[in-house]
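Presented below is the structure to which this report refers.
The values are calculated or read from the model by the stated rules, or taken from the named source; none is laboratory data. Note that the structure is a prediction, hence the values are computed from the model and not measured. Counting neighbours? That spans all protein chains shown, and the Cβs are built from the backbone with ideal geometry, glycine included.
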Amino acid sequence: MIPGKSLQLSTALTVIAVSVGAMLMVGAGLDVVAILIATALVLTFLMLHQEDERLPPPALQAPDTESDDYLDLPAFRQIVHGLNAPVLVIAGGRVMTANAPALKLLGQHILGEDVRIAIRHPAAAERLTSAEPMDAPVKIDIIGLGTRAQRWAMRIIPLGRDTEQQRLFVYLEDETDMHAAERARGDFVANASHELRTPLAAILGFIETLQDPHAGGDAQTRGRFLSILESEARRMRQLVDDLMSLSRIEADKHRLPTELIAMPELIAEVLAVSRQNLGERGGDIVSALGDDLPPVQGDRLQIGQLLHNLVSNSAKYGRPGSPITVQVRAVDSAMIRLEVSDEGEGIPPDHLPRLTERFYRVDSGRSRALGGTGLGLAIVKHIVERHRGRLDIKSSMGKGTTVSVLLPQAEKKTEATEVTHEIDASAPLS
């Protein structure tokens, strides 16, 4: 018996005896006493057969790592070649094994070659060819492997204990998208802060001036300053509204809208509001709608916001008095094309690919002077993406700009389609 077990056994038997005596003295039935004795005996048996917590746990049997034969097993090779990320096994500074993604990234010639030919990075090459054995995994960040803009996290894991020719498991993780997202997030915060700081600085400056009894006492000066304050405050509110809209659209970007939208009615409502809000430029809006426009499957508020943003941009950047043309027509049985055109200075070709970036402006000073937030086309792009549509911007210098949006029509359900579905559903499985 393990030391200490005899003491536990005597203690347990004493407790059982005392408990049985107490139960009999209080007049308990024999059935209750029998249950108590049975339960106590079971607990005593379990106690005697459990391992003593004070004893050290048995040593785990370590695998035989003095031999690296397991690295050559077919199962290990299947694991390496089954991974989707680039993976290499290095031994003696040479590439012994590489899976298909690694060969595609680094070239088919790397097998059996010096690893410095495959991975031309000083820190990585030094670590992979070092004669000193590794005791722990190492991570190295690499830029420019594959393409100049790609970023990789190389994780080097030692295999086995062969100090003469230690094998290294090299795993390459593509972190390009993650770094791009972090950079975009940082740029967004910086741009948003700048856009809010500019009108806020103007507001604070004019408030300080109005607080001056000499400058603020003049009615004409006070009126002019208050007008500027109102303009800057409205600009800040518009910027906050656009940021909130963009956030809501991105939150729903993976949720396909299902509302049926009658385009003629929606376009009439949006253009009526635009004609009222745009003043003189509102009278330049011209609409041309195709006959029998089918309904669009989408989000009514977002499609209305999309059209409002495009018309507002055309009003700002088109020549005063020139027409703002809104055309809507069915392209085929699946899509509807919405076009908004203006006659203005046009946009240089090198700016077109970046127009939908947040806060990007061709002319920052002019855009701010016209009340633009730099988010209008970014909102349009995200609305189009959520509706599984397509956005196209064409511009000719000195002539004007046309923005085209393709939106999906609502699915048509006919009796023939329903019958076909019923037949397919009841057909026997092959």
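Structural remarks
- Qualifying residue in the stretch 241-248 (condition: at pLDDT 85 or above, acidic (Asp, Glu) and more than 32 Å from the chain's Cα centre (by Cα)): no
- Selection within the stretch 120-129 - without any contact (Cβ under 8 Å) to a residue 40 or more places away in the chain and under 16 Å from VAL89 (Cβ atoms): ALA124, ARG127, THR129
- Enumerated helices (runs of 4 or more DSSP H) restricted to the stretch 207-301, each holding at least 3 residues that are surrounded by fewer than 12 Cβ atoms within 10 Å (Cβ to Cβ) and of a type in the set (S, T, N, Q): 219-251
- For the stretch 82-121, a tally of residues being touching a Ser or Thr at 6+ places or on another chain (Cβ under 7 Å) and charged (D, E, K, R) returns 1.
- Verdict on LEU226 being out of contact with any Cys (no Cβ under 6 Å at 6 or more places or on another chain) and either β-branched (Val, Ile, Thr) or not assigned by TED's automatic domain parsing to the domain that holds ALA100 (or both): yes
- Residue satisfying all of: in the stretch 323-334; surrounded by 15 or more Cβ atoms within 10 Å (Cβ to Cβ) and touching a residue at least 60 places away in the same chain (Cβ under 8 Å); nearest to PRO264 (Cα to Cα) among these: VAL328
- Which numbered condition ILE142 fails, given (1) at pLDDT 85 or above; (2) over 30 Å from the mean Cα position of the chain (by Cα); (3) surrounded by 14 or more Cβ atoms within 10 Å (Cβ to Cβ): (2)
- Those strands (runs of 3 or more DSSP E) lying entirely in the stretch 88-171 with at least 1 residues farther than 23 Å from ALA75 by Cα: 138-143, 151-159
- Residue ID - farthest from PRO86 (Cα to Cα), chosen from residues in the stretch 109-119 that are hydrophobic (A, V, I, L, M, F, W, C) and without any contact (Cβ under 8 Å) to a residue 24 or more places away in the chain: ILE117
- Residue within the stretch 180-189 that is under 39 Å from the mean Cα position of the chain (by Cα) and at pLDDT 85 or above present: no
- Filter pass, LEU370 being at pLDDT below 85 and either outside the structural domain of ARG234 (by TED's automatic domain parsing) or more than 30 Å from PRO295 (Cα to Cα) (or both): yes
- Taking every residue in the stretch 336-348 that is more than 30 Å from GLU411 (Cβ to Cβ) and pairing it with any residue that is of a type in the set (A, V, I, L, M, F, W, C), at least 6 positions away or on another chain, the pairs with Cβ-Cβ distances below 7 Å are ASP342/ILE324; GLY346/MET397; ILE347/VAL362; PRO348/MET397.
- Looking across the stretch 196-237, just one residue is under 30 Å from LEU301 (Cβ atoms) and in contact with a Gly (Cβ under 7 Å, 6 or more places away or on another chain), and that is ARG235.
- Check on ASP135, of a type in the set (Asp, Glu) and exposed (fewer than 15 other Cβ atoms within 10 Å of the Cβ): yes
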